[in-house]
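Some notes on the structure that comes next.
The values are calculated or read from the model by the stated rules, or taken from the named source; none is laboratory data. Quick caveat, the model's predicted, so the values are computed rather than measured. All Cβ positions, even for glycine, are placed from backbone atoms using ideal geometry, and neighbour counts span all protein chains on display.
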């Protein structure tokens with residue numbers, strides 16, 4: 001599977017341009033589905049970097065599983081705390 005380097009670069013650059021606009025159009029008004037798509041992308045990147053960290057620390061399999069599970073729980077809580085959305089309630093994002 002590819003890393004979507006070009007696509008991510010395109011999306012990130014366009015978001016930066018949108019955020020820098022002077023016409024008051026900075027707020028993108030993401031739908032819940034759009035927001036979930038960004039979470040999926042971020043979570044994929046987060047897990048990739050966490051794996052690198054686990055490799056560096058030479059973690060055993062059980063500790064890796066525990067860390068990944070806790071990361072998912074923390075991520076869910078973070079999203080809920082700051083958005084009121086529960087990533088386990090898929091109907092909110094369809």
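Laid out as a table, the results:
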{"read-out": "Per-region count, region 40-58, residues touching a helix residue (DSSP H, G or I) at 6+ places or on another chain (Cβ under 7 Å) and either free of Cβ contacts under 8 Å to residues at least 12 places away in the same chain or over 22 Å from residue 90 (Cβ atoms) (or both)", "value": "2"}
{"read-out": "One residue from 12, 3, 25 being under 27 Å from residue 71 (Cα atoms), surrounded by 10 or more Cβ atoms within 10 Å (Cβ to Cβ) and at pLDDT below 85", "value": "3"}
{"read-out": "Tally of residues being in contact (Cβ under 8 Å) with a residue 12 or more places away in the chain and surrounded by 12 or more Cβ atoms within 10 Å (Cβ to Cβ) across region 29-39", "value": "4"}
{"read-out": "Checklist (1) surrounded by fewer than 12 Cβ atoms within 10 Å (Cβ to Cβ); (2) under 20 Å from residue 3 (Cβ atoms) applied to residue 47, failing item", "value": "(1)"}
{"read-out": "Among residues of region 73-94, those that are surrounded by 12 or more Cβ atoms within 10 Å (Cβ to Cβ), in a helix (DSSP H, G or I) and without any contact (Cβ under 8 Å) to a residue 24 or more places away in the chain, counted", "value": "3"}
{"read-out": "Those residues of region 56-72 which are loosely packed, with under 12 Cβ neighbours inside 10 Å and outside any helix (DSSP H, G or I), in sequence order", "value": "57, 58, 60"}
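Residue by residue, here is whether (1) farther than 23 Å from residue 5 by Cα; (2) more than 15 Å from the chain's Cα centre (by Cα) holds:
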site	(1), (2)
16	no, yes
20	no, yes
35	no, no
41	no, no
53	no, yes
66	yes, yes
91	yes, yes
